[in-house]
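Chemist: What follows is a single structure, and I will ask about it in a moment.
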Amino acid sequence: MKDITINPAIPFELPPLFEGRHLINGTWQDSASGETFERRSPSHGHIVSRSAMGGEVETEAAIQAARKAFDSGVWSRASGKERATLLLKVADLIEQNVDRIALIETLESGKPISQSKGEVGGAADLWRYAASLARSTHGDSHNTLGADMMGVVLKEPIGVVSIITPWNFPFWILSQKLPFALAAGCTVVVKPSEMTPSTTLMLGELLVEAGLPAGVCNMVLGYGVPVGSLMSTHDGVDMVSFTGSTAVGKTISAVASDTLKKVALELGGKNPQVIFPDADLDAAADAVVFGVYFNVGQCCNSSSRIIVHEDIADDFRERVVALSRKVKFGDPLDPTTQVGAIVTPEHNAKIDAYVKQAQASGATIALGGAPLQVEGLGDQFYQPTIVTNVQPEMPIARDEVFGPVLSVLTFKTLDEAVALTNDSAYGLSAGVWSENVHTCLEFARRAETGTVWTNTWMDGFPEVAFGGFKQSGQGREIGRYGFEEFFEVKSVVMRIGNSRTPWVPQD
């Protein structure tokens, strides 16, 4: 471990225990059962939050509140200006509370404080963009149907939306969903991960402060069973928007089919970056290091495999190893830390098992390959790890490891690079590095992924839709395409004048 950069624990004052309660119909409520659950910081071991344990009673009440609020029209029939005005207030409030929210985000998730601040502050832009969409929604008109006919196509909010979010980006991913649903006029029930519930509730506080009508946004804490399962099956819910594992996404899709509700899924990925010999290798190596270690690799967009042309494979591997040694792992509360803790000890063990399995199958560990001990914090961390001599059929090359582990594969031709890229059950994102625009464009057109980055990695904007092909999900988030997910389309056909020919013969 002497050849990597480790930030030891720094002194800090633990904030007061965050006491989480459900937000139902505009009021903060304890669970009927009186049960609670706690979240212990994966990096520091302290209890950060104690939350009410939701069950069927709270979930049913939240869904009924959302249904009543939607049917009343208090939000669904509000003007675009009214919705936008409130969303803009929330954006301002987010920016005013970045430090408070980011600290809890870091303590519950283990991600670096600098990253948490960037995500929380950056989320305000998602709310502002959603506000702009609230005022620009429109359908179509058809004035070419004949002299006595006119047709219009209306967009109406789909109804009550269940939003279920993961632990790895609790504030950011909620902000990829919630403001767009609200901008469309939907009402919602939100369930955050039981591992990172608190920043969702902090956002709920801001919604209440901004003046969102009671029942429009409800939040229920607890576990997938029974809270998430009831949110996915209840006939009072019109749509489920879920981000998480592909396995859980498949379950939600199956159980939601009984009521034929709409399901939008953003799931896993096994995302490659493909590096051609004419690429800017220094820039590509930096992007690869960022892509695999960002959020400790606990990211659906992690570039957990690279596909490198065989002529430059050795040189490029050495560049990536050298940069990896400089990345600062360790105490998430140190502002200079770039990579923090693994979310649970069980997940840390799972990451290590993938690495050990690959090694046993003939792969080579070029760097790392074991849990990481951080002075003053323990071993709920994992070393920056680079695995070479990886074969395409190995689990480490095919499965979503969800850790700071990079698999290195090689190719000879563009066709082979595309084949390796597409030889996956996933299709979330891919990257290509080449100074030849024709190479980049051909790869982008042939890659079976929802996003392709050329000569960059993980640049995103509220305007640009996000989502995956194949088992990486269905539907889109953010951008206008993500906004459209929260609408039903209604056609209205109108006859002008008394021009309809009778169907029944006239005497």
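Chemist: With every protein chain kept in place and ligands, DNA and RNA left out, what is the accessible area per residue of region 129-246? Probe 1.4 Å, answer in Å².
Modeler: That works out to 28 Å² per residue.
Chemist: Compute, for region 1-152, the length of the dipole vector about the Cα centre, with Cβ point charges of +1 (Lys, Arg) and -1 (Asp, Glu) only. Units Debye, rounded to 20.
Modeler: Here region 1-152 has a charge dipole of around 280 debye.
Chemist: A follow-up question, please. Pop out the ³J(HN,Hα) list for region 15-31 in order, Karplus 6.51 cos²θ - 1.76 cosθ + 1.60 with θ = phi - 60°, rounded to Hz; leave Gly and Pro as x.
Modeler: x, x, 4, 7, 9, x, 10, 6, 9, 10, 6, x, 10, 8, 10, 7, 6
Chemist: Under 5 Å between amide hydrogens, which residues at least 5 positions from Val240 or on another chain qualify, with H placed 1.01 Å from N in the peptide plane?
Modeler: Ser162, Lys262, Val263, Ala264
Chemist: Could you tell me which GluC sites (Glu not before Pro) in region 1-84 are loop residues by DSSP with no more than 14 other beta carbons within 10 angstrom of their beta carbon?
Modeler: Filter output for region 1-84: Glu13, Glu35.
Chemist: While we're looking at this one, here's another question. Take the chain, mark every one of the trypsin sites (Lys or Arg not before Pro) that falls in a DSSP loop and has at most 15 other Cβ within 10 Å, then report the longest stretch left between them, sites excluded.
Modeler: Result, exposed sites excluded: 136-411.
Chemist: Taking θ as phi - 60°, what are the ³J(HN,Hα) couplings along region 352-368 by the Karplus curve (6.51, -1.76, 1.60), each to the nearest whole Hz, with x for Gly and Pro?
Modeler: Values per residue, Gly and Pro as x: 4, 5, 4, 5, 5, 5, 5, 4, 5, 8, x, 6, 10, 8, 7, 7, x Hz.
Chemist: Angle, helix 98-109 long axis vs. longest principal axis of the chain, Cα atoms, 0 to 90°, nearest 10?
Modeler: Its long axis makes an angle of about 60 degrees.
Chemist: Taking all protein chains in place and a 1.4 Å probe, what share, in percent, of the accessible surface of the chain do carbon and sulfur account for?
Modeler: Carbon with sulfur: 52 percent of the solvent-accessible area.
Chemist: Determine the shape class of the chain: with a ≥ b ≥ c the square roots of the Cα gyration tensor eigenvalues, call it rounded for a/c under 1.5, and otherwise prolate if a/b is greater than b/c, oblate otherwise.
Modeler: Oblate shape, in that a/c is at least 1.5 and b/c is the bigger or equal ratio.
Chemist: Probe of 1.4 angstrom, ligands and nucleic acids ignored: what's the accessible area per residue over region 270-371, in square angstrom?
Modeler: Computed with neighbouring chains in place, this is 35 Å² per residue.
Chemist: Could I ask something else about it? Among Ile113, Tyr481, Leu212, pick out the residue whose Cα is farthest towards the positive end of the charge dipole of the chain, where Lys and Arg carry +1 and Asp and Glu carry -1 on C-beta, about the Cα centre.
Modeler: Leu212
Chemist: Whole-Hz Karplus ³J(HN,Hα) for region 42-54, in order, using 6.51 cos²θ - 1.76 cosθ + 1.60 and θ = phi - 60°, x for Gly and Pro?
Modeler: x, 8, 10, x, 7, 6, 9, 9, 10, 10, 5, 8, x
Chemist: A further question follows. Just for the chain, what percent of DSSP beta bridges are antiparallel, to the closest 5?
Modeler: Of those bridges, close to 45 percent are antiparallel.
Chemist: While we're here: So what's the angle, to the nearest 10 degrees on a 0 to 90 scale, between helix 170-184 and the longest Cα principal axis of the chain?
Modeler: 20 degrees
Chemist: Once amide H atoms are built 1.01 Å from N in the peptide plane, which residues 5 or more positions from Tyr382, or in another chain, come under 5 Å H to H?
Modeler: Answer set, sorted by chain and number: Ile342, Leu372.
Chemist: Can you list the aspartates and glutamates whose alpha carbon sits under 14 Å from that of Lys261, skipping same-chain ones fewer than 8 residues off?
Modeler: Correct list for Lys261: Asp235, Asp238, Glu485, Glu488.
Chemist: Sticking with this structure for a sec: Treating only the Cβ atoms of Lys and Arg (+1) and Asp and Glu (-1) as charged, compute the dipole magnitude of the chain about its Cα centre; round to the nearest 20 debye.
Modeler: In debye, rounded to 20, the chain gives about 840.
Chemist: Lys470: which lysines have alpha carbons under 18 Å from its alpha carbon, excluding same-chain residues fewer than 8 sequence positions away?
Modeler: Partners found: Lys250, Lys262, Lys270.
Chemist: Dipole magnitude of region 218-316 about its Cα centre, charges +1 at Lys/Arg Cβ and -1 at Asp/Glu Cβ only, in debye to the nearest 20?
Modeler: That gives region 218-316 a dipole magnitude of about 820 debye.
Chemist: With a ≥ b ≥ c taken as the square roots of the eigenvalues of the C-alpha gyration tensor of region 248-359, please select rounded if a/c is under 1.5 and otherwise prolate if a/b is larger than b/c or oblate if it is not?
Modeler: Prolate, because a/c is 1.5 or more and a/b exceeds b/c.
Chemist: Tell me what the chain gives for mean residue ellipticity at 222 nm when only DSSP H runs of n ≥ 4 count, each as -39,500 (n - 2.57), the sum divided by the residue total, rounded to 500 deg cm²/dmol.
Modeler: Taken over the chain, the calculation gives -11500 deg cm²/dmol.
Chemist: Tell me, what is the percent relative contact order of region 115-225, built from C-alpha pairs under 8 Å that lie six or more residues apart?
Modeler: 24 percent
Chemist: OK, next. Between 0 and 90 degrees, rounded to the nearest ten: what's the tilt of helix 56-72 against the longest Cα principal axis of the chain?
Modeler: Result, in degrees: 50.
Chemist: Kindly list the residues of region 106-147 that lie in the label zone of Val492, defined by a backbone N under 16 Å from the point 7 Å along the Cα-to-C-beta vector.
Modeler: Once the point is set 7 Å along Cα→Cβ of Val492, 137-143 turn out to lie under 16 Å by backbone N, inside region 106-147.
Chemist: Which residues' amide hydrogens lie under 5 Å from the amide hydrogen of Cys217, considering only partners 5 or more residues apart or on another chain, with H built in the peptide plane?
Modeler: When sequence neighbours closer than 5 places are left aside, the close amide H contacts are Val188.
Chemist: Along the charge dipole of region 208-319, Cβ charges K/R +1 and D/E -1, which of Ile312, Pro226, Ala287 sits furthest on the positive end?
Modeler: Pro226
Chemist: Now, a different point. Heavy atoms only, 1.4 Å probe, whole protein assembly: order Asp238, Asp125 by accessible area, highest first.
Modeler: Putting Asp238, Asp125 in descending order of accessible area: Asp125, Asp238.
Chemist: Considering the dipole of the chain built from charges on the beta carbon (Lys and Arg +1, Asp and Glu -1) around the Cα centre, which of Ser132, Leu14, Pro166 is farthest to its positive end?
Modeler: Checked the options; the winner is Ser132.
The values are calculated or read from the model by the stated rules, or taken from the named source; none is laboratory data. None of the values given here were measured: they were computed from a predicted structure. When we count neighbours, we look across all protein chains shown, and the Cβ atoms used for this are built from the backbone with ideal geometry, even at glycine. To get the accessible areas, we keep the full protein, side chains included, count just its heavy atoms, and leave off ligands, DNA and RNA. Shrake-Rupley method; radii C 1.70, N 1.55, O 1.52, S 1.80 Å.
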